[in-house]
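Each remark here refers to the structure printed beneath this line.
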Amino acid sequence: MAMREIRVVGDPVLRTPCEPVTDIDARVRSLVEDLLETVDEDGRAGLAANQIGVNLRAFSWNIDDEIGYVLNPRIVELSEDEFQDGDEGCLSVPGLWFPTKRAWYARVEGMDLDGRPVVVEGEELMARCLQHEVDHLDGMLYLDRLERSVRKKAMKAVREQL
């Protein structure tokens, strides 16, 4: 296991859609261990594999003292009439937080290291995390979801950090 370096905005791996996990081998097991160790730090809610430079569909979370992971996650349900629009941040966009509209509830299906089906669901922060991490695996950053006027300010702040 290793605490991995977080890739930051500008790194092309963050804009590359991740490949599905097809074989659960030593490399995938090691990836999951690294995701779990790297997310297990104060202030970290979630971590996608491409944020540590691995182009596979996997992420970990650290919400309300629960740490977990899911392989090949896909969002299967979002609340359609309840939303949240609080500030959102990202380890790959360090120090910047912007209001981001997300569904209040999200449900993700995937699998575990034994190839068994897994369902992860939640409201508020957990729902935000699930949506945020699946976006990462699809090559998106939360900045892409910002309202136009906010996105303009956000991109200026990102450029100033680089």
Q.
Just the residues that are more than 15 Å from the chain's Cα centre (by Cα) and of a type in the set (D, E), please, taken from segment 125-162.
A. E147, E160
Q: Find the residue count for segment 59-79, including only residues that are within 14 Å of C129 (Cβ to Cβ) and assigned to a strand (DSSP E or B).
A: 13
Q.
I need a count of the residues in segment 116-139 that are open to solvent by less than 20 Å² (accessible area, probe 1.4 Å), outside any helix (DSSP H, G or I) and more than 20 Å from F83 (Cα to Cα).
A. 1
(Q) When the residues of segment 22-31 are narrowed to those that are open to solvent by less than 70 Å² (accessible area, probe 1.4 Å) and in contact (Cβ under 8 Å) with a residue 60 or more places away in the chain, which ends up nearest to the chain's Cα centre (by Cα)? (A) V28
**Q.** Condition broken by G43, with the remaining ones in (1) among the small types (G, A, S); (2) in contact (Cβ under 8 Å) with a residue 24 or more places away in the chain; (3) on the phi > 0 side of the Ramachandran plot satisfied
**A.** (2)
Q.
For segment 99-110, give me each residue that is in a strand (DSSP E or B) and open to solvent by 40 Å² or more (accessible area, probe 1.4 Å).
A. P99, Y105, R107, E109
Q: Please identify the pairs in which a residue from segment 83-98 that is assigned to a strand (DSSP E or B) has its Cβ atom under 6 Å from the Cβ atom of a residue that is among the charged types (D, E, K, R) and surrounded by fewer than 18 Cβ atoms within 10 Å (Cβ to Cβ), counting only partners at least 6 apart or on another chain.
A: F83/K101; W97/D87
Q. Name the pairs: first residue in segment 134-147 and without any contact (Cβ under 8 Å) to a residue 24 or more places away in the chain, second residue crowded, with 17+ Cβ neighbours inside 10 Å, Cβ to Cβ under 8 Å, at least 6 apart or on different chains?
A. D135/L141; D135/Y142; D135/R145; D144/D135
Q: Evaluate segment 36-45: report whether one residue or more is touching a helix residue (DSSP H, G or I) at 6+ places or on another chain (Cβ under 8 Å) and outside any loop (DSSP other than H, G, I, E, B).
A: yes
Q) What number of residues within segment 55-70 satisfy the criterion of being touching a helix residue (DSSP H, G or I) at 6+ places or on another chain (Cβ under 8 Å) and either open to solvent by 30 Å² or more (accessible area, probe 1.4 Å) or under 27 Å from G10 (Cβ atoms) (or both)? A) 11
Q) Since I52 meets every condition but one in (1) touching a residue at least 60 places away in the same chain (Cβ under 8 Å); (2) surrounded by 19 or more Cβ atoms within 10 Å (Cβ to Cβ), which condition does it not meet? A) (1)
Q.
Every residue in segment 7-21 that is among the charged types (D, E, K, R) and open to solvent by less than 50 Å² (accessible area, probe 1.4 Å), please.
A. D11
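The values are calculated or read from the model by the stated rules, or taken from the named source; none is laboratory data. Remember, it's a predicted structure, so these values are computed and weren't measured experimentally. In this analysis, Cβ positions are derived from the backbone assuming ideal geometry, glycine residues included, and neighbour counts consider all displayed protein chains. Surface areas here come from the heavy atoms of the whole protein model, side chains and all, with no ligands, DNA or RNA. Shrake-Rupley method; radii C 1.70, N 1.55, O 1.52, S 1.80 Å.
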